[in-house]
Each structure stands twice: as C-alpha cells, then as structure tokens.
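The values are calculated or read from the model by the stated rules, or taken from the named source; none is laboratory data. Computed from a prediction, not measured in an experiment: that's the story for all the values here. Glycine gets a Cβ as well: all are built from the backbone with ideal geometry, and neighbour counts include every protein chain shown. In case anyone asks, the SASA skips ligands and DNA or RNA and just uses the protein heavy atoms, side chains included. Shrake-Rupley method; radii C 1.70, N 1.55, O 1.52, S 1.80 Å.
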Amino acid sequence: MTDNAALEYAKATLARTSLDQCLKCTICETQCPVMRVTPKFSGPKFVGPQAERFRKGQSVDKSLDYCSGCSICTTVCPHGVKIAELNAQARAVMKAEHMPLRDRLITQTELEGKLLTPLAPVANAALKVKPIRKIVEGVIQVHADAPMPQAQTQSFLSWWKKHEKDVYGTTWSASRGVFTPDKRWHRGPIVFFHGCAGAYFEVETSKATVEVLEHLGYRVIVPKQGCCGLASQSNGLFGDASRHVLKLARELQKAGKDLKIVSSSGSCAGMLRHEAHEIMGIEDAVLKDVGARLFETSEFIAHLMDEGDFPFEDLHPIETSLTYHQPCQVKSQGFGKPAIRMMEAIPGVHVEESGQPCCGIAGTYGLKKEKFEVAQAIGKPLFDKIEHVNPRLAACDTETCRWQIRKGTGAEVIHPIELLHRSLHLRTQEGRQP
C-alpha cells in the first residue's frame, strides 16, 4: 500500500459503517483516560463520530491530536462504533501535510536499538544527564523526564544465534523443511515474533519466552523479522506503517506455513491481528494468514493450561503479591486477561488487576513534550496501586508500558512470562534469583 493509498483509504472510509450507530450515550467519554485528566481533549465522541459528520477529509477539531489512541472508547462502546479507528484515521489525514520531524524519529525503535546496543553503558549514562535531556527536549521535543528504554549490552538476536547453535546444533531452514525429530521437541516447531523492543531493549523477556517454550517441548524458530509499523501507524504515518507490517507478515510466513506464532510484544501482535486491517484497511492474504496464527504469549500459555496440557508439577512456589496491568492495545484484542490465570497458576502468587484503563504512555504519546504531563496524570492511579500492593514488583505485557511504569514507580516491572520462567527455575537472569 502506497502513502497516497493509505491516506485515501483514511479519507474515504473512516470506519463510516459504524458512524450512525452512535447514540451519544457518552459511555466512551466516561471511560476516556485522557479526558479525565485534561481539558485539552474534547473527548472521543466529540472528535470521533460527532465531528466526522462534518469533516469531509479535514479535521474540525485540533484537539484530536490529544487522543492517545488507547482504543478504550471502541472497547467500551455498547453499540460497536469504531471510535478509536475513526480518530486514528482522521489524525493521519490531519497531520499528513505537516508531520513533525519528532514524530518520524520516535517511530524508529529498531534503528535506535541497533545504534544504542554497541554503546549501551555510554548511552544509558548519557540518557541520565539532565542537560543532555534538556537539549534533546528543545531540539526534538521529547520531554526531558520521559521514560527511556534501557540499552542492553547484548541484543536478543546475538543471544539467539549462540543459543540456537548450542541447543539445537543447527539453524532452522523452512525452505529445506528441516526438522530433526527429537523427543525434547515433541510438540514440534513454533515461531517466535520478538518485536523491535524485544530484540534490543526488553531482551530478558524474549529470552524467557524462548526458554519457557522449549521447556514445554517446542522447537523454537526465530526468523529474520523487522518492525511491525505500529509506532508509525499511531503517529499517522500510514504509508510507512503499511510497508513495515506487510514486509513483517511475509517474513513470519516464510518461517513455515501452518506453524503457530507466539509474541511477547502484545501491542505488536495487535498490529498484525487488528490494527493494520481495521485502521489502515489493509486487505492482504499473507497478513490475514499470519494474524490468524499469532498468539500473545500469556494467551498461548493460558490456553495450554486450560486444556490440561501444561506441566503444573514443574512450577516452584513464589510467595508474592503483585499488580498486573493489561495495556490498552492488549485489551483491545478481546481475549480477556489470560496473564492473570497464568501467573496465579504458580503456587503462592496472588495477582491484583490494576483496574486502570491506561498507564499513559500509549506507545510514543507520553514521550512528547506537550503530552508528558497528561501521560503522567493518566498513569498516577496505576502508580499508586502498585505502591500499595507491592512497590518492588509488577507485571505488564508491553514494552513501552513497562518503561512508563518503571519510571513512575521505581518497581521492577516484568512481562508475566518472566514470572513463569522464574517459577520453572529455567535460568538465573543476569544475577536475579529464580
């Protein structure tokens, strides 16, 4: 899909098939995390189905840009109005002629990872220097106090290259159909989609996912893979996002047809399963095929547990209570909260759901200078909840949300799979005890 085609779709379609189902009940406004903390946003109903009747391809309310894209409005609408999709499409049209340089730069997670990994100690130290952050804020308009990812000294891909050789003795080749029967991998091959942040910043999550899947008897395959385009989509760069997600879908399909795909990047999984089609209108057979075989990690593990196909006897007790926050873009996929079932299968673990619609970061939203205070205000009830339940440990499914929560609480914030990994005593992660 070209840049023009993506924008023309946004102008012409704008989820209009659901527009007249809006009864102005304002349920979306009562649940909107942005509207509750700032008057700068007119609300999802006003800038969505109400304003859409007058747009004719143009925005009638610039407060639209304060929509975080959390999709809570669509999730709670009792009449099925695609409010978040309307707003995302309208914002792309509104920003098309004056896209800020910052909004192009902050979408480059993969590039940032490649640049920062070789310089991890220096990069991490530099990001803690306030004068440097202030200069970045002035030049690029990324807030000086915004949460930043922690650069790692080793990428997941570097780890995987050695791990695959050590564990399997050979690399996977879908073209040759190579799968040597081995009783250790009695469940057969499975594909792992790590996402950009999982490749360079949340490396421990990716490692833990691989090792849990292997413990369950899967031969893990990690194909060459690029960005899903979610950050570009959420910033209105539909052309870039379309190219990225279609390329990624083809890369994942090449790993082997009919194989299940697991991802510990919940928001990236949502891009392939939902947003590329619903927001950008991509009709592509490969994307549909990959999306139908893709599971978020907790969703996949909880299904095995529900089917009685999980070795519960291998779990060691962990005596802890912790807050679990499900990110907006995971909620919008509609598969419930399997992470809670998965974690509470561990003896001694008690999970309290956050009860909050959003942590505030919304991908790149909370990084932006003009939106940082809004993002922090949205996140405060969640931060307070974590402080009350367990100020040392919390769980969340997506990378940028974990960065936001770590910054706001000082807690160790992990993907739920990491708690399962510790309970299985598979490996001591960088000095952490299981």
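Does the stretch 300-309 contain at least one residue that is without any contact (Cβ under 8 Å) to a residue 60 or more places away in the chain, surrounded by 16 or more Cβ atoms within 10 Å (Cβ to Cβ) and touching a strand residue (DSSP E or B) at 6+ places or on another chain (Cβ under 8 Å)?
yes
Give the number of residues within the stretch 315-329 that are of a type outside the set (Phe, Trp, Tyr), in contact with a Ser or Thr (Cβ under 9 Å, 6 or more places away or on another chain) and open to solvent by less than 50 Å² (accessible area, probe 1.4 Å).
The total comes to 8.
On the given criteria, is Glu296 in contact with a strand residue (DSSP E or B) (Cβ under 7 Å, 6 or more places away or on another chain), of a type in the set (D, E, K, R) and open to solvent by less than 10 Å² (accessible area, probe 1.4 Å)?
Values: in contact with a strand residue (DSSP E or B) (Cβ under 7 Å, 6 or more places away or on another chain): yes; of a type in the set (D, E, K, R): yes; open to solvent by less than 10 Å² (accessible area, probe 1.4 Å): yes.
Yes; evaluated as a whole, the condition is true for this residue.
Please go through (1) within 30 Å of Gly43 (Cβ to Cβ); (2) surrounded by fewer than 18 Cβ atoms within 10 Å (Cβ to Cβ); (3) touching a strand residue (DSSP E or B) at 6+ places or on another chain (Cβ under 8 Å) for Ile106 and return the number of the only condition it doesn't satisfy.
The number of the failed condition is (2).
How many residues, within the stretch 250-285, are of a type in the set (Gly, Ala, Ser) and part of a helix (DSSP H, G or I)?
So the count comes out to 6.
Cβ-Cβ under 8 Å, sequence separation 6+ or interchain: first residue in the stretch 148-165 and under 13 Å from His194 (Cβ atoms) and aliphatic (A, V, I, L, M), partner open to solvent by less than 60 Å² (accessible area, probe 1.4 Å) and modelled with pLDDT of 95 or more. Which pairs?
Leu157/Ala199; Leu157/Val222
List, please: which pairs have Cβ atoms under 8 Å, are six or more places apart or on different chains, and start with a residue in the stretch 131-145 that is without any contact (Cβ under 8 Å) to a residue 12 or more places away in the chain and end with one that is part of a helix (DSSP H, G or I)?
Hits for this filter: Ile132/Ala126.
If you scan the stretch 234-249, which residues turn out to be assigned to a helix (DSSP H, G or I), open to solvent by 10 Å² or more (accessible area, probe 1.4 Å) and closer than 16 Å to Gly363 by Cα?
Result: Ser234, single match.
Filter the stretch 60-100 down to the residues that are open to solvent by less than 20 Å² (accessible area, probe 1.4 Å), in a helix (DSSP H, G or I) and among the hydroxyl-bearing types (Ser, Thr, Tyr) and list them by number.
Ser63, the sole residue that qualifies.
Every residue in the stretch 25-42 that is under 16 Å from Lys82 (Cβ atoms) and not in a helix (DSSP H, G or I), please.
Cys25, Cys32
Filter the stretch 340-375 down to the residues that are touching a Leu at 6+ places or on another chain (Cβ under 9 Å) and either assigned to a strand (DSSP E or B) or free of Cβ contacts under 8 Å to residues at least 24 places away in the same chain (or both) and list them by number.
Val349, His350, Val351, Glu352
Considering only residues of the stretch 376-412 that are without any contact (Cβ under 8 Å) to a residue 60 or more places away in the chain and aliphatic (A, V, I, L, M), which is surrounded by the fewest Cβ atoms within 10 Å (Cβ to Cβ)?
Only one residue fits best here, namely Ala411.
Taking Lys288 as the residue in question, decide whether it is part of a helix (DSSP H, G or I) and open to solvent by 40 Å² or more (accessible area, probe 1.4 Å). Can you show your working first?
Values: part of a helix (DSSP H, G or I): yes; open to solvent by 40 Å² or more (accessible area, probe 1.4 Å): yes.
Considered against the rule, which asks whether it is part of a helix (DSSP H, G or I) and open to solvent by 40 Å² or more (accessible area, probe 1.4 Å), Lys288 comes out as yes.
Just for the stretch 332-375: of the residues that are surrounded by fewer than 21 Cβ atoms within 10 Å (Cβ to Cβ) and among the basic types (Lys, Arg), which one is farthest from the chain's Cα centre (by Cα)?
Of everything passing the filter in the stretch 332-375, Lys369 is farthest from the chain's Cα centre (by Cα).
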